[in-house]
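The values are calculated or read from the model by the stated rules, or taken from the named source; none is laboratory data. Remember, predicted model here, so these are calculated numbers, not experimental data. Here the Cβ positions follow ideal geometry from the backbone for every residue, glycine too, while neighbour counts run over all protein chains shown. Ligands, DNA and RNA are excluded from the accessible area calculation, which covers all protein heavy atoms including side chains. Shrake-Rupley method; radii C 1.70, N 1.55, O 1.52, S 1.80 Å.
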Amino acid sequence: MDTQELKKRAHDLDVTVWVGKSGVDAVVDELNDQLANENLVKVKFLRAARAGDSTESKAQSLAEEVNGTLVETRGHTAVIHR
(Lines give C-alpha, C1' and ligand atoms only; values in the text may rest on other atoms or scores of the structure.)
Protein backbone atom coordinates (compact mmCIF):
# COMPACT_ATOMS: atom_id res chain seq x y z
CA MET A 1 0.00 0.00 0.00
CA ASP A 2 1.44 3.38 -0.93
CA THR A 3 1.99 6.28 1.43
CA GLN A 4 -0.84 8.37 -0.01
CA GLU A 5 -3.36 5.58 0.61
CA LEU A 6 -2.09 5.11 4.18
CA LYS A 7 -2.47 8.83 4.85
CA LYS A 8 -6.07 8.70 3.60
CA ARG A 9 -6.86 5.74 5.87
CA ALA A 10 -5.19 7.43 8.85
CA HIS A 11 -7.23 10.61 8.48
CA ASP A 12 -10.31 9.16 10.22
CA LEU A 13 -8.40 7.23 12.88
CA ASP A 14 -8.52 8.31 16.51
CA VAL A 15 -5.36 8.61 18.58
CA THR A 16 -4.97 5.39 20.57
CA VAL A 17 -1.44 5.77 21.99
CA TRP A 18 -0.25 8.76 24.01
CA VAL A 19 3.43 9.30 24.74
CA GLY A 20 3.89 11.25 27.97
CA LYS A 21 6.68 12.12 30.37
CA SER A 22 7.72 8.45 30.68
CA GLY A 23 8.84 8.64 27.08
CA VAL A 24 8.83 6.34 24.09
CA ASP A 25 9.99 3.24 25.99
CA ALA A 26 6.84 3.24 28.12
CA VAL A 27 4.52 2.74 25.12
CA VAL A 28 6.49 0.26 22.98
CA ASP A 29 4.60 -2.81 24.25
CA GLU A 30 1.20 -1.17 23.87
CA LEU A 31 2.02 0.00 20.36
CA ASN A 32 3.26 -3.47 19.41
CA ASP A 33 -0.04 -4.96 20.62
CA GLN A 34 -2.08 -2.44 18.66
CA LEU A 35 -0.03 -2.91 15.50
CA ALA A 36 -0.58 -6.67 15.78
CA ASN A 37 -4.36 -6.06 15.61
CA GLU A 38 -4.44 -3.01 13.33
CA ASN A 39 -1.71 -2.19 10.85
CA LEU A 40 -2.12 1.58 11.25
CA VAL A 41 -1.97 3.45 14.58
CA LYS A 42 -2.05 7.14 15.50
CA VAL A 43 0.28 8.29 18.28
CA LYS A 44 0.10 11.63 20.12
CA PHE A 45 3.25 13.11 21.67
CA LEU A 46 2.40 15.22 24.70
CA ARG A 47 4.53 18.25 25.63
CA ALA A 48 6.38 16.39 28.41
CA ALA A 49 7.41 13.65 25.97
CA ARG A 50 8.94 16.00 23.44
CA ALA A 51 11.38 17.65 25.91
CA GLY A 52 13.42 19.56 23.37
CA ASP A 53 13.34 16.99 20.56
CA SER A 54 11.11 17.27 17.53
CA THR A 55 8.00 15.16 17.18
CA GLU A 56 9.46 13.80 13.94
CA SER A 57 12.59 12.43 15.63
CA LYS A 58 10.63 10.95 18.55
CA ALA A 59 8.15 9.32 16.15
CA GLN A 60 10.94 7.91 13.99
CA SER A 61 12.65 6.31 16.98
CA LEU A 62 9.32 4.86 18.18
CA ALA A 63 8.62 3.40 14.72
CA GLU A 64 12.06 1.78 14.69
CA GLU A 65 11.46 0.29 18.16
CA VAL A 66 8.34 -1.53 16.93
CA ASN A 67 9.72 -2.45 13.48
CA GLY A 68 7.20 -0.14 11.87
CA THR A 69 7.25 2.64 9.32
CA LEU A 70 6.55 6.28 10.07
CA VAL A 71 3.88 7.28 7.56
CA GLU A 72 3.61 10.95 8.55
CA THR A 73 3.73 13.44 11.38
CA ARG A 74 1.31 16.31 11.61
CA GLY A 75 1.67 18.69 14.53
CA HIS A 76 2.40 16.48 17.51
CA THR A 77 0.66 13.41 16.09
CA ALA A 78 2.31 10.60 14.16
CA VAL A 79 0.96 7.70 12.12
CA ILE A 80 2.85 4.40 12.28
CA HIS A 81 2.28 1.46 9.95
CA ARG A 82 3.41 -2.15 10.07
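Does segment 57-80 contain at least one residue that is touching a residue at least 60 places away in the same chain (Cβ under 8 Å), in contact with an Asp or Glu (Cβ under 7 Å, 6 or more places away or on another chain) and not hydrophobic (A, V, I, L, M, F, W, C)?
Among the residues of segment 57-80, not one is touching a residue at least 60 places away in the same chain (Cβ under 8 Å), in contact with an Asp or Glu (Cβ under 7 Å, 6 or more places away or on another chain) and not hydrophobic (A, V, I, L, M, F, W, C), which makes the answer no.
Going by the conditions given, is V79 outside any helix (DSSP H, G or I) and surrounded by 19 or more Cβ atoms within 10 Å (Cβ to Cβ)?
Here the answer is yes, as V79 does meet what is asked.
Taking segment 63-76, which residues are touching a Ser or Thr at 6+ places or on another chain (Cβ under 8 Å) and either among the basic types (K, R) or part of a helix (DSSP H, G or I) (or both)?
A63 - this is the single residue of segment 63-76 that is touching a Ser or Thr at 6+ places or on another chain (Cβ under 8 Å) and either among the basic types (K, R) or part of a helix (DSSP H, G or I) (or both).
Conditions tested, residue by residue: (1) touching a strand residue (DSSP E or B) at 6+ places or on another chain (Cβ under 8 Å); (2) farther than 19 Å from S61 by Cβ; (3) open to solvent by 40 Å² or more (accessible area, probe 1.4 Å); (4) of a type in the set (S, T, N, Q).
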residue	(1), (2), (3), (4)
V19	yes, no, no, no
L31	yes, no, no, no
Q34	yes, no, no, yes
N39	yes, yes, yes, yes
F45	yes, no, no, no
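Only one residue in A59, A26 is open to solvent by less than 80 Å² (accessible area, probe 1.4 Å) and farther than 23 Å from K7 by Cβ. Which one?
Every option except A26 fails the conditions.
Give me the pairs: first residue in segment 1-25 and more than 17 Å from L70 (Cα to Cα), second residue of a type in the set (A, V, I, L, M, F, W, C) and open to solvent by less than 40 Å² (accessible area, probe 1.4 Å), beta-carbon distance under 7 Å, and six or more apart or on different chains, which are they?
Going by the 7 Å Cβ cut-off, the qualifying pairs are G20/A49; K21/A49; G23/A49.
I'm checking my understanding of the structure. Among residues of segment 65-76 that are surrounded by fewer than 19 Cβ atoms within 10 Å (Cβ to Cβ) and under 16 Å from N32 (Cα atoms), which one is nearest to the chain's Cα centre (by Cα)?
Per the stated criteria, the residue is L70.
So is S22 of a type outside the set (A, V, I, L, M), assigned to a helix (DSSP H, G or I) and at pLDDT below 95 or not?
Numbers: of a type outside the set (A, V, I, L, M): yes; assigned to a helix (DSSP H, G or I): no; at pLDDT below 95: yes.
When the stated conditions are applied, S22 does not pass them.
Would you tally the residues in segment 25-62 being assigned to a helix (DSSP H, G or I) and of a type outside the set (D, E)? Give the derivation first.
First, pick out the residues of segment 25-62 that are assigned to a helix (DSSP H, G or I): 25-37, 47-50, 55-62.
Checking which are of a type outside the set (D, E) leaves us with 26-28, 31-32, 34-37, 47-50, 55, 57-62.
Of the residues in that region, 20 qualify.
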